[in-house]
Amino acid sequence: MNSFHHMSEQRLQELTARFAQVTIAVLGDFFLDKYLDVAPKLAEVSVETGKTAHQVTCERHSPGAAGTIVCNLAALGAGAVHAIGYTGDDGSSYDMRKDLAALNCHTDHLHVVPGRMTPTYLKPRDKDHPGLPGEHSRYDTKNRTPTPEAVQQQMIDSLDQLLPTLKALIVLDQVEERDCGVVTARVRETLADRAQSHRHVVFWADSRHRIRLFSDVLTKVNQFELVGRTNPTPGDRVELDQLVAAIIRARTRTGAPVCVTRGPLGMLVSDPEPTVVPGVRLKGPIDETGAGDGATAGAVLALAAGASLAEAALVGNLVASITVQQLGTTGTASVDELAPRLEMWQDQR
């Protein structure tokens, strides 16, 4: 097992200077994150029900799930970014497309499908309490019936149209219900096939519940998923020797590289042999919402720019260390913020 402990600022600049040349697509479940800022002092009692009527003073929304990756790619200065997926024909779809357009993300392949809903996370929060302590219960809108075959074919057709132009493809499988989102079994099989025939493209997959079903594409998995541990407790972690043994098995099973996220400890990557890439040690409160998506965006852009897997993992760690310090929102990082964070990482080594 190796440890990765050095990257020069010059090397980081070489990689990030190429980000603007990367044409990339994100295929997956585009959720709308809709935030409601609630003022507790303005709460009223509903005349009709006698229950509390929470008063919303501000509404905000941004692309979530696969859209969070797009937000991070845009903030890092990626070249052309394409969304592959679908939304419903509804107001949330309108908001989603407006937000993606503001990020210069092409939505020609984000198909409008009447009869399906635009997945939405509705997130009320007390406006005076940033971070997790101020969050109310969330309300989720998802499709819970299988994705029609015709819609799956639209995703595959879009993939085939874009692949010749791409340097990287990020796959984000967010939906818990099997075959009810964009990344169905049929789409996964297509991805494995296309990865073998498009070796010049970086294929990177992330899935909340079915990462073990991917093959022939680079997979990102957290330490607990890698060893099959469910419901980890806060502060829990998997011992390194156990992770090393598991990543070797996963590499053999998938036939492609594996990246394992370890929270503040950084990442473990599989190629050319298991290598520990330490994270940035931070002080003060953090909000881990979207940290994995930020790490994905940074790592994949670096890979497409010519980085080794360990170098890419470090760039992902740097991005995540910046986003987690943005409380009460799904944060992003810019290229200008990476060099100071690299210096911090070097000092900690």
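The numbers here are math on the coordinates, done by the rules we state, and not lab data. Because the structure is predicted, anything quoted here is derived from the model rather than measured. No Cβ is skipped: glycine too gets one built from the backbone with ideal geometry, and neighbour counts run over all protein chains shown.
For this structure, a couple of remarks:
- At 0.890 mPa s and 25 °C, Stokes diffusion of the chain via Kirkwood alpha-carbon radius, µm² per second: 118
- Cα-centred dipole magnitude for the stretch 100-248, charges only on beta-carbon of K, R (+1) and D, E (-1), debye, nearest 20: 120
- Cβ crowding within 10 Å, taken as a proxy for footprinting-reagent exposure, orders Phe214, Phe19, Phe224 from fewest neighbours to most as Phe224, Phe19, Phe214.
- Charged side chains reduced to their Cβ positions (Lys and Arg at +1, Asp and Glu at -1) give the chain a dipole of some 480 debye around its Cα centre.
- Pairs of Cα atoms nearer than 8 Å and 6+ residues apart set the relative contact order; for the stretch 208-349 it is 19 percent.
- Every helix of 4 or more DSSP H residues in the chain counts as -39500 (n - 2.57), and over all residues that averages to -10000 deg cm²/dmol at 222 nm.
- At an R0 of 45 angstrom, the distance between the Cβ atoms of Val47 and Thr233 translates into a FRET efficiency of 0.55.
- Computed magnitude of the charge dipole of the stretch 177-336 (debye, nearest 20; Cβ of K, R +1, Cβ of D, E -1): 300
- Dipole-positive endmost among Val151, Leu282, Gly88 within the chain (Cβ charges, Cα centre): Leu282
- Loop GluC sites (Glu not before Pro), the stretch 44-92 (other Cβ atoms within 10 Å of the site Cβ: 15 or fewer; DSSP): Glu48
- Sorted fewest first by neighbouring Cβ atoms within 10 angstrom, Lys142, Lys220 come out as Lys142, Lys220.
- Fewest-first sequence of Ile248, Ile156, Ile170 by Cβ atoms within 10 Å of each Cβ: Ile248, Ile156, Ile170
- Full extension of the chain between Asp140 and His106 gives 9.7 nm of extra length, using 0.36 nm per residue less the Cα-Cα distance.
- The convex hull defined by the C-alpha atoms of the stretch 187-329 has an orientation-averaged projected area of 8.6 nm².
- Legend: distances between Cα atoms for Lys98/Lys220; Lys41/Lys127; Lys98/Lys167; Lys98/Lys142; Lys51/Lys127; Lys127/Lys220; pairs beyond 22 Å are Lys98/Lys220; Lys98/Lys167; Lys127/Lys220.
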